[in-house]
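The values are calculated or read from the model by the stated rules, or taken from the named source; none is laboratory data. Worth saying up front: this structure is predicted, and the values here are computed from it rather than measured. Note that we place each Cβ from the backbone using ideal geometry, even for glycine, and neighbour counts take in every protein chain shown. Areas reflect the complete protein model, heavy atoms only, side chains present, ligands, DNA and RNA absent. Shrake-Rupley method; radii C 1.70, N 1.55, O 1.52, S 1.80 Å.
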Amino acid sequence: MPFIDVTLGTGRSPEQVRALIHELTEAAHRAVGAPVANIRVVIREVAPQHWAAGDVTTAERAADGTAPPSNSQQSTGGRPPAPAQEGSGT
């Protein structure tokens, strides 16, 4: 039984969280062939003052103007974005 545990910053709409759950479930089903009913997904949302990198919280970064991209933009979880693939139009 696949168990997918996701931690992300607060700020997504319920619709975005639901879409993430759906897409993760479908990805696990496709990748390992697990029955959808057996796939578990847990989403943990963390407040900006409880999430830090390099001893600086997300809230502190937002306050000094060095916050990461907003939730409306694609997040890479602190990693550099993947390079665009040829012919992808991006």
**Study point:** Lone unmet requirement of (1) assigned to a loop (DSSP other than H, G, I, E, B); (2) open to solvent by less than 70 Å² (accessible area, probe 1.4 Å) for Thr66
**Key:** (2)
Check your understanding: In segment 1-46, what residues are of a type in the set (Asp, Glu) and over 21 Å from Ala62 (Cβ atoms)?
Key -> Asp5, Glu15, Glu23, Glu26
Exercise for review: Considering only segment 1-46, state which residues are open to solvent by 80 Å² or more (accessible area, probe 1.4 Å) and in a loop (DSSP other than H, G, I, E, B).
Suggested key: Met1
Check your understanding: Is there any pair linking a residue in segment 48-62 that is under 10 Å from Thr10 (Cβ atoms) to one that is among the charged types (D, E, K, R) and exposed (fewer than 14 other Cβ atoms within 10 Å of the Cβ), with Cβ under 7 Å and at least six apart or on different chains, and which?
Key -> none
Practice item. Scan (1) touching a strand residue (DSSP E or B) at 6+ places or on another chain (Cβ under 8 Å); (2) at pLDDT 95 or above; (3) open to solvent by 80 Å² or more (accessible area, probe 1.4 Å) for the single condition Gly78 breaks and write down its number. Key: (2)
